[in-house]
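Below is one structure, written out as structure tokens; comments come after it.
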Amino acid sequence: MTGTAPRHAVLIASGGMDSTVTAYELAQQGSALTLLSFDYGQRHVKEVEFAALIAERLSATHEIVDLADFGRLLHGSALTDTSVPVPDGHYTAQSMRATVVPNRNAVMLNIAASVAVAREADAVAFGAHAGDHEIYPDCRPAFFEKVAACIRAGNEGFIDPGFQVLAPFLHLAKADIARRGDELAVPFGLTWSCYKGGDVHCGTCGTCVERREAFSLAGVADPTVYADTLGAEVAR
């Protein structure tokens, strides 16, 4: 992360690897943190519990925004519509379009900005990375630039003159995030990625595949328990 470290950042915290490493990066720089999680009716809402664990580890404030009724209106996404199955396979496959939640990051970033203004924070942050660009339009640099401009324009005169909208991993790969998290001693075992929201990570959905691949490419030990290997481990 480059530039001046924020005094107080409001971070969109999903409980996953990306937002958790972002939280640790900001904490390492000395920033006070408000971790903002969202219940938007996602089938893997248990991720919010993991965000709470990370907030506790960092002695950060943790807030949960209830958007469950909003999520109920978002038919057609595998994350909010139980009639749509979560696809398995590589996270760059076109089948992963089923996991898009329309305009999700714009909604969350604008709510985070509102919280930042109310709490006199001088930054909002989220953990989008380059691997998200293929499928998710609200994780791409063009979106980030425009939403940052929108936040600044929409709050002109009410936010810190040096207010920052941060996406420190926007041009980095998931493996880079795993590697940086390892350097920061991030407790990856306290993070959640799986979109299916079972008792353990399924190991086969796009985000599980991405998680496994990131640890492997980074050469970092993966502490995750995956359902597709659990049986083999028990049998040994």
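The values are calculated or read from the model by the stated rules, or taken from the named source; none is laboratory data. The structure displayed is predicted, hence computed values, not measured ones. Because the Cβ atoms are built from the backbone with ideal geometry, glycine has one as well, and the counts that use them run over all protein chains shown. Side chains included, ligands, DNA and RNA excluded: accessible areas come from the protein's heavy atoms. Shrake-Rupley method; radii C 1.70, N 1.55, O 1.52, S 1.80 Å.
When we screen THR99, THR82 for residues that are polar (S, T, N, Q) and surrounded by fewer than 16 Cβ atoms within 10 Å (Cβ to Cβ), the only hit is THR82. For the stretch 39-61, a tally of residues being touching a helix residue (DSSP H, G or I) at 6+ places or on another chain (Cβ under 9 Å), part of a helix (DSSP H, G or I) and small (Gly, Ala, Ser) returns 2. Among residues belonging to the stretch 39-67 that are open to solvent by 30 Å² or more (accessible area, probe 1.4 Å) and of a type in the set (Gly, Ala, Ser), point out the one that is nearest to GLY16 (Cα to Cα). Once the filter is applied, the top-ranked residue is ALA52.
For the stretch 117-128, a residue qualifies if it is within 19 Å of TYR24 (Cα to Cα) and either out of contact with any helix residue (DSSP H, G or I) (no Cβ under 8 Å at 6 or more places or on another chain) or surrounded by 22 or more Cβ atoms within 10 Å (Cβ to Cβ) (or both), and the qualifying residues are ALA121, ALA123, VAL124, ALA125, PHE126, GLY127, ALA128.
For first residues located in the stretch 1-27 and closer than 15 Å to LEU53 by Cα and part of a loop (DSSP other than H, G, I, E, B), partners that are β-branched (Val, Ile, Thr) and open to solvent by 10 Å² or more (accessible area, probe 1.4 Å) and lie 6+ apart or on another chain with Cβ distances below 9 Å form the pairs ALA13/VAL48; SER14/VAL48; GLY15/VAL48; GLY16/THR207.
The single condition among (1) without any contact (Cβ under 8 Å) to a residue 60 or more places away in the chain; (2) in contact with a strand residue (DSSP E or B) (Cβ under 8 Å, 6 or more places away or on another chain) that SER83 does not meet is (2).
Among the candidates LEU36, LEU74, the residue that is in a loop (DSSP other than H, G, I, E, B) and crowded, with 17+ Cβ neighbours inside 10 Å is uniquely LEU74.
Here VAL10 qualifies as among the aliphatic types (A, V, I, L, M), under 30 Å from ALA185 (Cα atoms) and either open to solvent by 30 Å² or more (accessible area, probe 1.4 Å) or at pLDDT 95 or above (or both). Elements of the type helices (runs of 4 or more DSSP H) sitting completely within the stretch 129-236 and holding at least 2 residues that are buried (at least 18 other Cβ atoms within 10 Å of the Cβ): these cover 141-154, 174-183, 206-218. Taken together, THR99, THR92 contain a single residue that is modelled with pLDDT under 90 and not aromatic (Phe, Trp, Tyr), which is THR92. A Cβ distance below 7 Å, combined with a sequence gap of six or more or placement on separate chains, defines the contacts here; from the stretch 38-59, residues that are on the phi > 0 side of the Ramachandran plot reach residues that are surrounded by 21 or more Cβ atoms within 10 Å (Cβ to Cβ) and part of a loop (DSSP other than H, G, I, E, B) in the pairs GLY41/THR80. Taking the criterion of being of a type in the set (Lys, Arg) and touching a residue at least 24 places away in the same chain (Cβ under 8 Å), would at least one residue in the stretch 207-216 satisfy it? Scanning the stretch 207-216 turns up at least one residue that is of a type in the set (Lys, Arg) and touching a residue at least 24 places away in the same chain (Cβ under 8 Å).
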